[in-house]
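> Here it is, the structure, as structure tokens.
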């Protein structure tokens, strides 16, 4: 089917009502020869995806970086799982709880491109990475390297181990507009000494959306005998990659962000050879020291969330990771390209499209970030979040696959008016 006929059929299909996921699959099959970039610009296709969500009409949601809402099909399956677990009660918890969690972890490992022996389901990125920070065998005088743009919960945990063990934290500051990968790599390299034990790096900086050259940073750190822990909260199911290809030692992410899993699920990847070196968050009896399950005891928790992980992965993979990434990058560039050169408008995200995806950060020179966020919401009905620190002063703008270019036009109009 040629593109003109496809678009005509797609328009008729959309007018017929809400597409089922099987209907979306049929549409994708008709677009199988389209490149991800071609699909990214097809507003009719993404309108059909949008109809899979129940959206609040009171505001334009451009704060998906904290929590990406679930599509209706995933949400309905989540509710079904809640009923299933409640119906079976203790019988479920004592018989198949752990088997089902392992199945979900296996499906996640396939998405992450890693071994099932190296990945567990946690509750969020904070739990995953704080387990590593607090679980290593620190000695007084050991050093850890991180950036002031890293997530606050991890920085707080490093402060805690500094108080407890005498660890020295060395903090660098990332440029918002790096000239090259080498500039970033060298920034971290300059902070490493013979006492450095761990380096933390964001895969995607949460406040600006900047994608860092993680593999190059890991290779550099390993050449100096330093392990690397990666905060992938905003990268997993947002951009396409396999964790082992990053060459990192540890990787944590939240699934309630770009995979749109219900709240309460994350992942922790630990390279097989490093598992024995990490103390669990909570004790779990005797297990082999290289068994990653020894790091996964958290007591009774909402197991229906674990069951919904597979449903969320199904929705993600049917859209296609590459199509999703291309659309998200297209949306960000759609609005940033229109305002980047406007006087008084400040973009805190690199212009190079390979250095970011959905997330970008924008400020107005004459306005505090909180004031900008309030004006965007009250006057333009745009919900976002203010960031004011770590050399970043603006609002984080985070569209999702259901965001339309018409909604972003409202943002562009607002920024142009405020920039005057």
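The values are calculated or read from the model by the stated rules, or taken from the named source; none is laboratory data. As the structure is a computational prediction, the values presented were derived from the model and not from experiment. Ideal geometry is used to build each Cβ from the backbone, glycine not excepted, and the neighbour counts take in all protein chains shown.
Residue by residue, here is whether (1) within 27 Å of residue 179 (Cβ to Cβ); (2) modelled with pLDDT under 95 holds:
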site	(1), (2)
343	yes, yes
363	yes, no
366	no, yes
420	no, yes
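> Inside the range 208-304, counting only strands (runs of 3 or more DSSP E) that do not spill past its ends, which hold 1 or more residues that are surrounded by fewer than 23 Cβ atoms within 10 Å (Cβ to Cβ) and touching a strand residue (DSSP E or B) at 6+ places or on another chain (Cβ under 8 Å)?
In the range 208-304, 227-231 are the strands (runs of 3 or more DSSP E) which contain 1 or more residues that are surrounded by fewer than 23 Cβ atoms within 10 Å (Cβ to Cβ) and touching a strand residue (DSSP E or B) at 6+ places or on another chain (Cβ under 8 Å).
> For the range 375-415, which positions are part of a helix (DSSP H, G or I) and surrounded by 14 or more Cβ atoms within 10 Å (Cβ to Cβ)?
Hits for the range 375-415 are 375, 376, 377, 380, 405, 407, 408, 410, 411, 412, 414, 415.
> Now a separate question. Testing residue 349 on (1) loosely packed, with under 15 Cβ neighbours inside 10 Å; (2) in a loop (DSSP other than H, G, I, E, B), one condition comes back false. Which one is that?
It fails just one condition, (1).
> Right, next: Take the residues in the range 116-162 that are under 24 Å from the mean Cα position of the chain (by Cα) and in a loop (DSSP other than H, G, I, E, B); name whichever of them is surrounded by the most Cβ atoms within 10 Å (Cβ to Cβ).
Filtering first and then ranking leaves 149.
> Okay, next question. Provide a single number: the residues in the range 62-115 that are in a helix (DSSP H, G or I) and closer than 28 Å to residue 385 by Cα.
5
> Something else about it: May I ask you to say which residue of 332, 370 is under 30 Å from residue 29 (Cα atoms) and touching a strand residue (DSSP E or B) at 6+ places or on another chain (Cβ under 8 Å)?
332
> Among the residues of the range 352-363, are any in the same structural domain as residue 331 (by TED's automatic domain parsing), free of Cβ contacts under 8 Å to residues at least 12 places away in the same chain and under 22 Å from the mean Cα position of the chain (by Cα)?
Yes - at least one qualifying residue is present in the range 352-363.
Every residue, every condition in (1) in the same structural domain as residue 333 (by TED's automatic domain parsing); (2) buried (at least 19 other Cβ atoms within 10 Å of the Cβ); (3) at pLDDT below 95, yes or no:
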| residue | (1), (2), (3) |
| --- | --- |
| 27 | yes, yes, yes |
| 32 | yes, no, yes |
| 38 | yes, no, no |
| 46 | yes, yes, no |
